[in-house]
1. Looking only at region 187-218, which residues are closer than 21 Å to L268 by Cα and touching a strand residue (DSSP E or B) at 6+ places or on another chain (Cβ under 8 Å)?
2. Residues that are touching a Phe, Trp or Tyr at 6+ places or on another chain (Cβ under 9 Å), at pLDDT below 90, small (G, A, S) and open to solvent by less than 70 Å² (accessible area, probe 1.4 Å): does region 318-340 have at least one?
3. Quick one: in region 295-312, which of the residues that are in contact with a helix residue (DSSP H, G or I) (Cβ under 7 Å, 6 or more places away or on another chain), free of Cβ contacts under 8 Å to residues at least 24 places away in the same chain and of a type outside the set (V, I, T) is most open to solvent (accessible area, probe 1.4 Å)?
4. Restricting to region 266-287, count the residues that are open to solvent by 60 Å² or more (accessible area, probe 1.4 Å) and out of contact with any Gly (no Cβ under 8 Å at 6 or more places or on another chain).
5. Scan region 357-369 and tell me whether some residue there is under 25 Å from N272 (Cα atoms), part of a helix (DSSP H, G or I), open to solvent by less than 30 Å² (accessible area, probe 1.4 Å) and β-branched (V, I, T).
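The values are calculated or read from the model by the stated rules, or taken from the named source; none is laboratory data. All values derive from a computational prediction rather than experimental measurement. With ideal geometry, Cβ positions are generated from the backbone for all residues, glycine too; neighbour counts draw on all protein chains shown. Heads up: the accessible areas ignore ligands, DNA and RNA and are worked out on the full protein's heavy atoms, side chains in. Shrake-Rupley method; radii C 1.70, N 1.55, O 1.52, S 1.80 Å.
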Amino acid sequence: MTTMTDPPNNESFRLSQLIYDTRYRSITIQVIALIVFMAFAAFVVRNTIINLEALGKDINFNFLGSSANYDINQRLIPYVSSDTHLRAAVVGLLNTLMIAFMGCILATVIGVVAGVLRLSKNWLTAKIMTVYVETFRNIPVLLWILAFMAVLSESLPQPRSFKGPDAASSMWFWDSVAVTNRGTYVPVPVWGSGSAIVVIVFLLSLLGIWAFSKFALRRFEATGQILPTFWIKLAIFFVPSLLVYFIMGRPIGLSYPEFKGFNFTGGLHLRNSMLALWLALSFYTGSYIAEIVRSGILAVSKGQTEAAYALGLRPSRTMNLVILPQALRVIIPPLISQYLNLTKNSSLALAVGYMDLRSTLGGTTLNTTGRELESMLLMMLIYLLVSLVISSSMNFYNKSVKLKER
């Protein structure tokens, strides 16, 4: 008996099969949906072009080559107000990436610590972590950014309090770091001749630490012997770089901040706007990561812990070698979303005056050039690409920690 869903081989193709035959129906629906979407997109683009022509405007990106004529307070690369809007956008993008990178690292550390401590058997520790998580998660992140900015601006001493032999305030860490209400001043490296060799050796040391970690893991899985990895990694991290540093005649120096006139000069100036944004985003996102970590740990069967204890493993090694590696398979997917949220929430930097991509390309450049459509399209494309890179990197790591069948 023949049916429309299973026609004989000698039956010729009919147009009705595009709807009634299950072999073709899904393709038909997808083609129709694609045509509708493309028609809608064409309508939007055409309508936009017509409206721009009515206003005497066109879609043009030549404004990126004109002079920006505004300053950027925090920057990673050289920039002056006479530079182009394109360079200003690059400076803002680098500021965004710096906050996103630093924020993801600090938020991960805070989240992992808070998530583990929330499961602590110590009642006070667990409750303190619960208060932290519930407080930060239930208050908008913009308010936390403003709150951190207010604390840094109002509670820290003024630069003039560091003046004189009987100064009311003193610098930290052997007079190398000055924390003021205008920002934090820290030493900055001064690169001399031969410093590139020291940097290369340092990078090779990091590669050596990674290779040794792989070797120690394979040895542990094959023999069950645990190497003192912490001390060996510490030696690999410091010894080669320090040896080359002294052999090359100490080519890398430090420029320390000094109080001159009415403020500090020298060193690296970390503005309170950047610090407030970084700390607020980190603690806010860390509260969500803490719950992700807690749920991942709870997803691991208690029998795993009991079996590890029965083998004589200490609680710390049980957490590091048994619980967390299995919990990572549950933690990583939602963790990707939190990293993306932190990166996109950095666009709130304008609230405290930190010049990121939103403040440069989507703020001052947009207002001074009048190219709102072009600026928004570029900013959306950049955020999309950054988010895709973060998501792809984390998905690659997620695949590496998946349980691999033999």
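1. Matches in region 187-218: P187, V188, P189, V190, W191, G192, S195.
2. Scanning region 318-340, I find no residue that is touching a Phe, Trp or Tyr at 6+ places or on another chain (Cβ under 9 Å), at pLDDT below 90, small (G, A, S) and open to solvent by less than 70 Å² (accessible area, probe 1.4 Å), so the answer is no.
3. Among residues in region 295-312 that are in contact with a helix residue (DSSP H, G or I) (Cβ under 7 Å, 6 or more places away or on another chain), free of Cβ contacts under 8 Å to residues at least 24 places away in the same chain and of a type outside the set (V, I, T), the one most open to solvent (accessible area, probe 1.4 Å) is Y309.
4. 2
5. Yes, there is a match, as at least one residue in region 357-369 is under 25 Å from N272 (Cα atoms), part of a helix (DSSP H, G or I), open to solvent by less than 30 Å² (accessible area, probe 1.4 Å) and β-branched (V, I, T).
For (1) more than 30 Å from L321 (Cβ to Cβ); (2) open to solvent by 60 Å² or more (accessible area, probe 1.4 Å), each residue gets a yes or a no:
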position: T135; (1), (2): yes, no
position: L143; (1), (2): yes, yes
position: A147; (1), (2): yes, no
position: R182; (1), (2): yes, yes
position: S193; (1), (2): yes, yes
position: I197; (1), (2): yes, yes
position: I200; (1), (2): yes, yes
position: S205; (1), (2): no, no
